[in-house]
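Notes to accompany the following structure.
The values are calculated or read from the model by the stated rules, or taken from the named source; none is laboratory data. It should be emphasised that the depicted structure is a prediction, and the values quoted were computed from it without experimental measurement. FYI the Cβ positions are ideal-geometry reconstructions off the backbone, even for glycines, and counts take in every protein chain you see. Areas reflect the complete protein model, heavy atoms only, side chains present, ligands, DNA and RNA absent. Shrake-Rupley method; radii C 1.70, N 1.55, O 1.52, S 1.80 Å.
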Amino acid sequence: MNYSISFVTYARREKKLAVKQSLPQLKLVEPSHQQKAYPLVIGLHGNEENMAIAEYYWKNFKEKGYLLALPQSSEIKFDGGYYWNDIEKGYKELGSHYTTIVENFKVQQENVILGGFSSGARVSLYFALHSKVKIKGLILIAPWLPEIEQWLPLLGRLKETKVYIVCGEDDVDCLSETETLVKALEQTQIDYIYEKVAHLGHDFPIDFNTYIEKILTFTRESTCSPHI
C-alpha cells in the first residue's frame, strides 16, 4: 500500500512537471513541388489529440500544393493528448505560429485556409473573428462552440471569408450550436456551405478526403455559392 501511495504521488509530480514544461509546437509539411509562394492550410487538432492525428486528416491538402501547418497546443492533458480549453491562449499561440510561418516561408497571404476539429474549430473561428490575418477559407469540422451566442454579433467580420462546416447529424455535443451558427451565417449573408452528415457522431466523416476538392473549389470562387 505504501508503494501505491508513493507511485501516485510520483505520477502527480510528473504530470505537473509535464504541464509546466509543455510548449506549443508546430509541424510544417511542404508540398512535393516547389513554388515561388505557397498557399497555406492550417489544421488544428481536437481535444485529447495531437498534431500527428491532425496530419492524418489534413495531409491531402499538401497534395493540392498547399503548405500544411499543424499546430499543437501547449495545454497537455496526458502524454500525446492536448487540448484547447483556454481560448485566449490558443488564439495567441495560433497568432505566433502564423508569424513564424510567414517569416520562414513565402506564403500567399491572400490564400490562407484555417480549420480545425471540435475544440480546434472553436479556436479557428475565434481567431478568424478577432485576428487581422486575412482568412480566405474557414473549415469547421464538428465545431464545439459553447460561446456561439456571444460570438454571433461578430460574424460580420467574416464577409471576405468562405466558411465550410461539417457536422454529424448524431453529434449530440455540437449539432445544436453548429446549426445556431449556420442560421446566423445565413442571416448575416456570409458565404458558407454546411454539410450535415447522416449517421455520423462527433468525428470526421470517414471519407473526408473526398470533401477536399469541394472545399478548395468553394474557397476559390468569387461569387456566392448555394448553401447545402
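Accessible area per residue for the stretch 83-201, computed on protein heavy atoms with a 1.4 Å probe, is 43 Å². Gain on full extension, evaluated as 0.36 nm per residue between T100 and Y56 minus their Cα-Cα distance, stands at 13.6 nm. What shape does the stretch 62-188 have by the C-alpha gyration tensor, where a ≥ b ≥ c are the square roots of the eigenvalues, rounded means a/c under 1.5, and otherwise prolate means a/b greater than b/c and oblate the rest? Cα axes put the stretch 62-188 in the oblate bin.
Is the stretch 166-217 best put as rounded, prolate or oblate by its Cα gyration tensor, with a ≥ b ≥ c the root eigenvalues, rounded for a/c under 1.5, and otherwise prolate when a/b is larger than b/c, oblate when not? In terms of gyration-tensor shape, oblate.
Computed from the Cβ-Cβ distance with R0 of 22 Å, the FRET efficiency linking S176 to N85 stands at 0.65. Here the spin labels are modelled as points 7 Å beyond Cα on the Cα-Cβ line, and at V29 and K214 they lie 2.2 nm apart.
In this calculation the C-beta distance from E149 to K92 is compared with R0 = 30 Å, giving a FRET efficiency of 0.80. For H202, the accessible surface of its heavy atoms amounts to roughly 70 Å² (probe 1.4 Å, protein chains only, rounded to the nearest 10). Can you tell me how the stretch 117-228 classifies by the Cα gyration tensor, rounded, prolate or oblate, using a/c under 1.5 as the rounded cut? Cα axes put the stretch 117-228 in the oblate bin. Checking every one of the GluC sites (Glu not before Pro) in the stretch 81-178 against DSSP loop status and a limit of 14 other Cβ atoms within 10 Å picks out E147, E160, E169. Of all lysines in the structure, the ones whose alpha carbon falls short of 23 Å from that of K36, not counting any fewer than 8 places away in one chain, are K27, K59, K62, K64, K106, K134, K136. Between the C-alpha center of the stretch 178-206 and that of the stretch 115-177 there is a gap of 9 Å.
Could you tell me what a quarter of the Cα convex hull surface of the chain works out to, in nm² with one decimal place?
14.2 nm²
With the full set of protein chains in place, find how many percent of the accessible area of the chain is carbon and sulfur; take the probe as 1.4 Å. Taking all protein chains in place, the chain shows 51 percent carbon and sulfur surface.
How many percent of DSSP beta bridges within the chain run antiparallel, rounded to 5?
Here the antiparallel bridges make up roughly 25 percent for the chain.
Here the stretch 59-119 is treated as a Stokes sphere of Kirkwood radius computed over C-alpha pairs; at 20 °C and 1.002 mPa s its diffusion coefficient rounds to 163 µm²/s.
If exposed means no more than 10 neighbouring beta carbons inside 10 Å and the site is in a DSSP loop, what's the longest run of the chain without any exposed trypsin sites (Lys or Arg not before Pro)?
Of all site-free stretches, the longest is 37-131.
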